[in-house]
Amino acid sequence: EMKANGERVSIDALEPACRKAVRAARLIDERMRAWSADFEAEFGQPLGFGIGIHAGGAAVGEVGHRGVRSFTAVGEVVNTASRLQDQTKVHGAALVISAFAARNAGIAQADVPVRRIQVRGREEPLDVLMLDSASLSGLGD
């Protein structure tokens, strides 16, 4: 079990959440590539973007004060996902996803090689999959 917003959430929710995250990444990538092409046509340079996905427990809820509140998530998982997004720039990938999240999303690791990378803020290296836009599009639903 995990806790989300002060309530218990079954770990069984992890697989559908990972699948939804990968689907969202694919849709974001498709739309950003189209927007980037338009941006490049108008301004002469493409937009750079990348997506990082990790999975696990996080503290989620509203934070803020005096009418200025936002819904957010904090914790090691959130920090790691952010660091994976940073790795998209280093490796020229559309998506860097932890092997743990990929497994839970149903991505066959035989189709995408697993790489072990050092992630800032983590003592141990992390196994990840790096996908370009074509590989990400090929995942389907």
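The values are calculated or read from the model by the stated rules, or taken from the named source; none is laboratory data. Since the structure is predicted, the reported quantities are computational estimates derived from the model, not experimental observations. Using ideal geometry, Cβ is built from the backbone for each residue, glycine included, and neighbour counts are taken over all protein chains shown. Keep in mind that these areas ignore ligands, DNA and RNA; they rest on the heavy atoms of the full protein, side chains included. Shrake-Rupley method; radii C 1.70, N 1.55, O 1.52, S 1.80 Å.
More than 25 Å from Ser36 (Cβ to Cβ), outside any helix (DSSP H, G or I) and either of a type in the set (Asp, Glu) or open to solvent by less than 50 Å² (accessible area, probe 1.4 Å) (or both): which single residue out of Gly121, Gly52, Gly56 fits that description?
Gly56
Among the residues of region 1-32, how many are open to solvent by 100 Å² or more (accessible area, probe 1.4 Å), farther than 18 Å from Ala81 by Cβ and at pLDDT 90 or above?
1
For region 59-97, give me the residue count where each residue is in contact (Cβ under 8 Å) with a residue 40 or more places away in the chain, surrounded by fewer than 16 Cβ atoms within 10 Å (Cβ to Cβ) and part of a strand (DSSP E or B).
Total satisfying the criteria: 2.
In region 10-49, what residues are assigned to a loop (DSSP other than H, G, I, E, B) and either β-branched (Val, Ile, Thr) or touching a strand residue (DSSP E or B) at 6+ places or on another chain (Cβ under 9 Å) (or both)?
Ser10
Quick grid of which residues meet (1) within 18 Å of Arg26 (Cβ to Cβ); (2) under 12 Å from the mean Cα position of the chain (by Cα):
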residue	(1), (2)
Gly44	no, no
Glu62	no, no
Leu84	yes, yes
Gln109	yes, no
Gln118	no, no
Arg122	no, no
Gly138	yes, no
